[in-house]
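Reviewing the structure listed below.
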Amino acid sequence: MIRYILRRIVYAIPIAFGVSVVCFSLVYIAPGDPLQTVMPPDATAETIAIVKHAYGFDRPLPMQFLIWLGRVVTGDFGVSIATRRPVFLEVSEALANTALLAMFAVPLAFFTGYVMGAVAGSFAGRWIDRVVTGAAVVGVSLPNYWLGIVLVIVFAVEYMVLPATGMGPSGSTAFNLAQWSNVQFLVLPVITLAMIPIGILARTTRAAVAEVRNQDFVQTLRAKGLSEWAVTRHVLKNAMPQVMAVMGLQFGYLLGGSILVETVFTWPGSGFLLSKAIINRDVPVLQGTILVLSLVFVTTNLVVDLLQSLIDPRIRRA
Amino acid sequence: MPLAEVRDLYVRFVTREATVYAVNGVGFTVRPGEVLCILGESGSGKSVTLRALMRLLPARRTQIRGSVTVEGQNVLGMPRRALRDLRGGLVAMIFQEPMTALDPVYTVGQQIGETIRRHTGCGREAARRRALELLEMVRIPSAARRLDAYPHELSGGLRQRVMIAMALSCSPRLLLADEPTTALDATVQVQVLILLRRLQRELGMGMIFVTHDLGVAAEIADTVAVMYAGRIVESGPVGQILNAPAHPYTAGLLASTVHGQSRDRDIDAIAGSPPDMRRLPQGCSFAPRCPLRMAECRFAVPEPRFPVRGHMAACHAVAHSSPATQAAVTPTVAGSRATISAR
Ligand SMILES: Nc1ncnc2c1ncn2[C@@H]1O[C@H](COP(=O)(O)OP(=O)(O)OP(=O)(O)O)[C@@H](O)[C@H]1O
Ligand SMILES: [Mg+2]
C-alpha cells in the first residue's frame with residue numbers, strides 16, 4: 001500500500017509539470033497583446049520595448065517559461081499588470097474566498113446528491129427513482145447564472161430576506177463565520193453553486209448503485225440471510241469508487257470557482273479573479289490562477305485515487 | 001419427516017414484454033442426509049427451482065405458486081424475518097460462479113465472519129476464529145493468511161472452497177449447490193466435488209445439487225430428477241435412472257454423454273432445441289424433439305407413471321405399473337450410492 005501511494009505521487013509530478021507548460025503557453029495561444037491594456041494608446045515603440053523588456057516578454061518562450069517556473073516554484077508568481085500587487089496575494093485571497101463558498105457547497109452537494117442517488121439506485125425503476133432522476137435532470141440542466149439571478153430576484157428583491165451580492169455588509173473587513181450578518185451572504189451563491197453538482201452526483205450514484213445491485217454477489221449476500229440494510233451497505237461500498245471519481249471532479253470544479261456564479265453575486269473568488277484577468281489581459285494573474293487551480297485538480301485526483309484504492313483493493317494492482 | 005419437500009411448484013416471471021413460465025409444477029422430496037441431483041439442459045428451470053427453495057427470486061416480477069417446506073417450515077409463506085434466519089442458517093447455497101459470487105471489496109474472512117455473526121450473534125473475534133476453522137475444514141492451504149485475502153487474490157478453486165466454507169459456516173441442514181463445479185478447471189472440479197461429498201457425509205446434510213453433467217450426478221447423487229422445460233420428466237434412484245432411463249429425454253441425454261464430449265458443454269446430441277419458455281407447447285414439452293412421439297403427446301401433458309417402484313417418468317410412451325407403488329416418488333436407496341473413483 002505504501003508503495004502504491006509513493007508510486008501515485010511520483011506519477012503526479014510529470015502531470016503537474018505538463019499542466020504548468022500548458023497553462024504557460026495557453027496564455028500565448030490566446031489572441032491579444034497583454035501589454036495593450038496597460039500602455040497608453042499613444043505610447044512610443046521605444047517605451048513599449050522597455051516595458052516588454054522589464055516584464056521579460058521579449059525573450060524566447062522556453063526561456064520565459066523556465067524563468068517563470070523557477071520563480072513559481074519559490075512562490076513568486078510575479079506582479080499583477082492591472083493592480084501591481086503580487087500575484088501570489090491576489091490568487092491566495094481569491095482562492096480563500098472561493099474556498100469559503102466551497103466549504104459549504106461541497107458538503108451540501110455531496111450529501112444531497114449522494115443520498116438522492118443512493119435512494120434512487122436502491123429503488124431503481126420505482127416511482128421514487130423517477131422522481132429523483134427527474135429532479136437530477138432539472139438540476140443539471142438549469143443554467144446556474146440564471147438560477148442565481150432568479151434566486152436574487154425572489155429572495156433579495158421580492159422578499160428582501162437575503163442580500164443579493166457581495167461578501168458582507170459594507171464596511172466589514174473580515175468574514176466572520178459566527179455572524180449572520182456575514183453568513184447570510186453565503187446562502188444564495190452556495191445554493192446556486194451546489195445545484196449542478198447535486199444533479200451530476202445523484203445521477204452517477206444512482207447508476208453505480210443500480211449497476212452494483214445487479215451483480216451476482218448481491219444474491220450471495222441475500223442467501224447468507226443478511227437484511228436489506230446490510231446488503232445495501234455492501235452495495236454502497238462497492239459503488240463508492242465510481243462515486244468518488246465524480247466527487248473529485250466536482251470538488252475541483254467547486255474549488256476552482258465558477259466564473260458565472262461569482263460574477264452574478266460579485267463574489268471576489270478565483271472565478272471572479274480569472275474573469276477580471278481575462279478582461280484585463282493580466283497575464284501573470286491568469287497564469288498564476290490557472291496553475292494553482294490545475295494543481296488543486298491534480299492533487300484532488302491523487303487523493304481520490306488513493307481513497308479509491310483504499311476501498312477497492314483491485315485498483316492497487318493496476 | 002422429509003428435510004425438504006416441494007409440491008406443485010410454479011414460477012412465472014412477469015414483465016411488460018412477456019411472461020416466462022420457468023417452473024411448471026415441480027415436486028420432489030429430500031430426506032436428511034440425502035443428495036438429490038437435478039439434471040437438465042440450460043434454461044430448463046433448475047436454478048429457478050433452487051432459488052425458490054430460499055425464496056431468492058426477485059419479489060416484484062415473480063409469481064410463485066405451490067408449497068415449499070424445509071424441516072416443516074413453510075418457506076413461501078413465512079415472514080421476511082424468519083426467512084432471513086432460514087437463509088444461511090437452516091438452508092445454505094453455493095453458486096456457480098465463484099468469480100462473481102463473492103463481494104470483491106471485502107476480505108474472505110470478513111465475508112465468512114459476517115454470516116457467522118448474523119446467525120450466531122457472536123463477536124468479531126469469535127467469528128474470525130470460526131472462519132479460520134472453516135477455511136481449514138475446506139482444506140485451503142495456509143488458511144490463516146488467506147483469511148485476509150480478497151477474492152481476486154485467490155484462484156477459482158480456492159474461491160469456490162471459500163464459498164463452501166461460507167455456506168457451511170452455520171451448519172445448514174440443507175445445502176443447495178447450483179452447478180458448483182461448472183466454472184472450474186477439470187482437475188479442480190474433481191477436487192471440489194470430492195470435498196463437497198465428504199463434507200456432506202460428515203455433516204449429514206441433505207443436498208440438492210444442480211448440474212448439466214451426468215458423470216457428476218453418477219458420482220454424487222442418491223436420487224436424480226431430470227428437468228425439461230420447467231417440469232421434472234423423470235426421477236428416481238440414481239442407479240435406476242442412469243442404467244435404465246424410462247423417459248426418451250433422459251435416454252437422449254445418456255446417449256449424448258457416452259460419446260465423451262467435454263463436461264461443461266451443453267448436451268446437444270438430441271435433435272432440435274428446448275422450447276421457448278414464454279410459449280410452451282400445449283402437450284408434452286419434449287414432444288417436438290421426441291423420437292417416440294405419438295398423437296396424444298401434442299395435446300395432453302403426460303401424467304407421472306411408475307415403471308418401477310420409486311421410479312417416475314412423465315411420458316405417454318411409458319407403461320404404468322401397479323398404482324400402489326405411486327406413493328414413493330423419491331425412495332431411499334440404501335447401498336446404491338455411486339462412489340467416486342479413488343483419487
Ligand atoms: N429473474 C428472471 N426474470 C425473467 N426470466 C428469468 C429470470 N430468471 C430466470 N429466468 C428464465 O427462466 C428460465 C429458467 O432459468 P434457469 O436459470 O432456472 O435455467 P437453468 O436450468 O438453471 O439453466 P442453466 O443451466 O443455464 O443455469 C430461463 O428461460 C430464464 O431465462
Ligand atoms: Mg442455472
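Tabulated values for the structure
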read-out	value
In degrees, nearest ten, helix B:186-203 long axis to first principal axis of chain B (Cα)	80 degrees
Cα-based shape type of the range B:4-225, given that a ≥ b ≥ c are square roots of the gyration tensor eigenvalues and the cut on a/c is 1.5	prolate
Chain B: angle of helix B:124-137 to the longest principal axis, Cα-based, in degrees nearest 10	50 degrees
Ranked order, B:311, B:119 - accessible area, probe 1.4 Å, largest first	B:119, B:311
Neighbourhood charge, 12 Å Cβ-Cβ cut-off, centred on residue A:97 and excluding it, Lys, Arg +1 and Asp, Glu -1	-3
Relative contact order (%) - chain B, alpha-carbon pairs under 8 angstrom, separation at least six	20 percent
Chain A - charge dipole about Cα centre, Lys and Arg +1 at Cβ, Asp and Glu -1, debye rounded to 20	1340 debye
Accessible-area composition of the range B:4-225, carbon plus sulfur, in percent [1.4 Å probe]	47 percent
Solvent-accessible area buried by pairing A with B, both sides, nearest 100 square angstrom, 1.4 angstrom probe	2300 Å²
Total charge dipole magnitude, the protein assembly as shown, about the Cα centre, Cβ charges on Lys, Arg, Asp, Glu only, Debye to nearest 20	1740 debye
Proximal lysines relative to residue A:52, as straight alpha-carbon distance under 27 Å, when same-chain residues fewer than 8 apart are discounted	A:276
Contact order relative to length of the range B:155-292, as percent, for alpha carbon pairs under 8 angstrom and 6 or more apart	18 percent
Computed E for residue A:93/residue B:74 - FRET, C-beta separation, R0 56 angstrom, nearest 0.05	0.20
Solvent-accessible ranking of A:108, B:158, largest area first, probe 1.4 Å	A:108, B:158
Order of exposure, largest accessible area first, which applies to B:234, B:153 with probe 1.4 Å	B:153, B:234
Residue A:141 accessible area, assembled protein chains, probe 1.4 Å, Å²	70 Å²
Signed unit charges on C-beta, dipole axis of chain A, positive-most listed residue A:103, A:87, A:115	A:115
Axial C-alpha extent at least 20 Å, average Kyte-Doolittle at least -1.0 - helices from chain A (DSSP)	A:2-29, A:87-122, A:127-141, A:180-213, A:228-256, A:283-311
Sequence-separation-based contact order of chain A, relative, with Cα cut under 8 Å and 6+ spacing, percent	28 percent
Accessible-area composition of chain A, carbon plus sulfur, in percent [1.4 Å probe]	70 percent
Net charge of neighbours whose Cβ lies under 11 Å from the Cβ of residue B:19, counting Lys and Arg as +1 and Asp and Glu as -1	+4
Positive-end residue of B:199, B:157, B:120, charge dipole of the range B:56-212 with Cβ unit charges	B:120
Sites residue A:314 and residue A:84 - FRET efficiency at Förster radius 60 Å, r taken between beta-carbons, to 0.05	0.65
Counting DSSP beta bridges with both ends in the protein assembly as shown, the antiparallel % (nearest 5)	60 percent
Residue mean of other protein chain beta carbons inside 10 Å, B:97-104	5
Residue range of chain A that is longest and free of trypsin sites (Lys or Arg not before Pro) which are both DSSP loop and sparsely packed (at most 14 other C-beta within 10 Å)	A:127-318
Label-point separation, residue A:9 to residue B:187 (7 Å along Cα→Cβ), nm	4.5 nm
Dipole of the protein assembly as shown, positive direction: furthest Cα of A:168, A:290, B:183, with charges on the beta-carbon	B:183
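The values are calculated or read from the model by the stated rules, or taken from the named source; none is laboratory data. Just so you know, these numbers come straight off a predicted model, no measurement behind them. In this analysis, Cβ positions are derived from the backbone assuming ideal geometry, glycine residues included, and neighbour counts consider all displayed protein chains. Just so you know, the surface numbers come from the protein's heavy atoms only, side chains and all, with ligands and any DNA or RNA stripped out. Shrake-Rupley method; radii C 1.70, N 1.55, O 1.52, S 1.80 Å.
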